[in-house]
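The values are calculated or read from the model by the stated rules, or taken from the named source; none is laboratory data. Keep in mind it's a predicted model, so treat the numbers as computed, not measured. We place every Cβ from the backbone using ideal geometry, glycine too, and count neighbours over all the protein chains shown.
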Amino acid sequence: MRYGYVVEAAEQGNTRYRVAVAPGDLRLVQELLNTAAKDDGRDPDLLDAAALTAQWLRAYGIAGDSPGVSDLRTLRDALREALLAGDDHAGTPRVTASARLVLDAGGAVTTEAPDSLAALAGRVLLAVRDAQLAGTWSRMKLCRNPACRVAFWDSSRNTSGVWHDVRTCGNVANLRKSRARRAARAQE
Ligand SMILES: [Zn+2]
């Protein structure tokens, strides 16, 4: 299967967070999710400042001053909210997008390379839909650490991963837990 530009595009969100990357077009979805800033303020929102947004869009062949950045941000934030809420996502805002589909010479259905932010949003939603139909969407997760919330691809056998990196976020949580246990014991 060909995934075209997505694999070749410079990854800026996924790369800066050094996460396990999702397969196929889900990589684009994950990349969009990881344009979000972290709470600590060290990693900026890549779809906020104009220069950063332009750089991110250039990697997908879209002009930096294209209209619709706020719509793309709305889509990203809605997807993040849905992932955080799990099964209980009645509060996720409704977002619409459309993609141009192509039946290619080999008989495969692909999306046309997006030339606008609206088309990019369409490709993102289509990739989410494909994953939902295939039953793999549950592997796209946001890190359980509230200060992190990086989007990672959980490739564990039973889809039980909760940290984007067990050595960092997982360790911090374990340390906090054992400290709390020690403090509780000290008070006994
Ligand atoms: Zn994390």
* Asked: Which members of the range 116-130 meet the condition of being more than 13 Å from the chain's Cα centre (by Cα) and touching a residue at least 12 places away in the same chain (Cβ under 8 Å)?
  -> S116, L117, A118, A119, L120, G122, R123, L126, D130
* Asked: Looking at V109, is it among the β-branched types (V, I, T) and over 18 Å from the mean Cα position of the chain (by Cα)?
  -> yes
* List, please: which pairs have Cβ atoms under 8 Å, are six or more places apart or on different chains, and start with a residue in the range 161-186 that is closer than 27 Å to L33 by Cα and end with one that is assigned to a helix (DSSP H, G or I) and within 14 Å of the ligand (Cβ to nearest atom)? -> V162/G170; W163/C169; W163/G170; W163/A173; H164/Y17
* Asked: When A22 is evaluated against the numbered criteria (1) outside any loop (DSSP other than H, G, I, E, B); (2) among the small types (G, A, S); (3) surrounded by 12 or more Cβ atoms within 10 Å (Cβ to Cβ), which criterion, by number, is the only one it fails?
  -> (1)
* What is the one condition in (1) modelled with pLDDT under 95; (2) farther than 19 Å from A36 by Cα; (3) among the aliphatic types (A, V, I, L, M) that A134 does not satisfy? -> (1)
* Out of the range 1-32, which residues are charged (D, E, K, R) and modelled with pLDDT of 60 or more? -> E11, R16, R18, D25, R27, E31
* Structure fact -> Selection from the range 166-182 of residues more than 10 Å from the ligand (Cβ to nearest atom) and among the hydrophobic types (A, V, I, L, M, F, W, C) yields L175, A180
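Tell me the strands (runs of 3 or more DSSP E) entirely within the range 92-188 that contain at least 2 residues that are more than 21 Å from D77 (Cβ to Cβ). Walk me through how you get there before you give the answer.
Working: elements: 101-103, 109-111, 140-142, 151-153.
So the answer is 101-103, 109-111.
Could you list, in sequence order, the residues of the range 118-165 that are within 11 Å of the ligand (Cβ to nearest atom) and aliphatic (A, V, I, L, M)?
L142, A147, V150, A151, V162 - these are the residues of the range 118-165 that are within 11 Å of the ligand (Cβ to nearest atom) and aliphatic (A, V, I, L, M).
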* If you go through the range 69-87 one residue at a time, do you hit one that is more than 28 Å from D40 (Cα to Cα), of a type outside the set (A, V, I, L, M, F, W, C) and assigned to a helix (DSSP H, G or I)? -> no
